[in-house]
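S.K.: Handing you this structure, nothing more for now.
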């Protein structure tokens, strides 16, 4: 194991542990007053991932790789548990056992997919079984394009209906990212086995342009929400949360383009 393993592990944990912590809060805010056990569990997960996030920042890039590997395994265990919690909550909602709760089923499925992604990333790092570059590019884009499409849908439904222009913008972003996701799924089934740079470059370029537009929209919405200048039921932290995930997607696109350039 190398320094690169340490850097990548800490980067993933620092980003996603904060996301998991915030998921715990968002789920709790959507529970009913009588869902006391679920609220307690959400609070426990918040504390667990807050601790993981804090500990991840105590490591440096010169940390012992074996120590980081053990930390990855510990985090993997915590992520497995929060994934199971999220799927349990989704099951309760879909079976109509939580009438009146304020968590969309798609939102709960969305946050569970992110936990599953984080768990898989930790497994790949610890086993060293990373995908070939073309496969990684397609799979990461399929995952994040769906995340971005979901975000646009959530924003559109959580804005006050009177915010007609912003609701329409969110609806347009939802449509655009659904189309990008369909294109990515088509490419996924074709599975180019060689690093066909022009094809993959074009794929990344197209997605970057759209993600930047959505990122900018999220940033404007976040700033307006924080300034109390638009009407919505979007928590300010949720607005910042989805903005950071768009930034993460752009970071990954840039990383893939640098990797293609080296080939």
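S.K.: Looking at segment 19-46, which of its residues are in contact (Cβ under 8 Å) with a residue 60 or more places away in the chain and either assigned by TED's automatic domain parsing to the domain that holds residue 248 or in a helix (DSSP H, G or I) (or both)?
M.R.: Initial filter on segment 19-46 (in contact (Cβ under 8 Å) with a residue 60 or more places away in the chain): 19-20, 22-23, 25-27, 29-32, 35.
Within segment 19-46, 19, 20, 22, 23, 25, 26, 27, 29, 30 meet the criteria.
S.K.: Mind listing whichever residues of segment 229-249 are in a loop (DSSP other than H, G, I, E, B) and either in contact (Cβ under 8 Å) with a residue 40 or more places away in the chain or within 16 Å of residue 176 (Cβ to Cβ) (or both)? Before the answer, list the steps.
M.R.: Looking only at segment 229-249, we keep the residues that are in a loop (DSSP other than H, G, I, E, B), and these are 229-231, 233-235.
Those that are in a loop (DSSP other than H, G, I, E, B) and either in contact (Cβ under 8 Å) with a residue 40 or more places away in the chain or within 16 Å of residue 176 (Cβ to Cβ) (or both): 230, 231, 233, 234, 235.
S.K.: So which residues in segment 213-228 are without any contact (Cβ under 8 Å) to a residue 24 or more places away in the chain and in contact with a helix residue (DSSP H, G or I) (Cβ under 8 Å, 6 or more places away or on another chain)?
M.R.: Selection gives 222, 225, 226.
The values are calculated or read from the model by the stated rules, or taken from the named source; none is laboratory data. If you're wondering where the values come from, they're calculated on a predicted model, not measured in any experiment. Don't worry about glycine lacking a Cβ; one is built from the backbone with ideal geometry, like all the others, and counts go over all protein chains shown.
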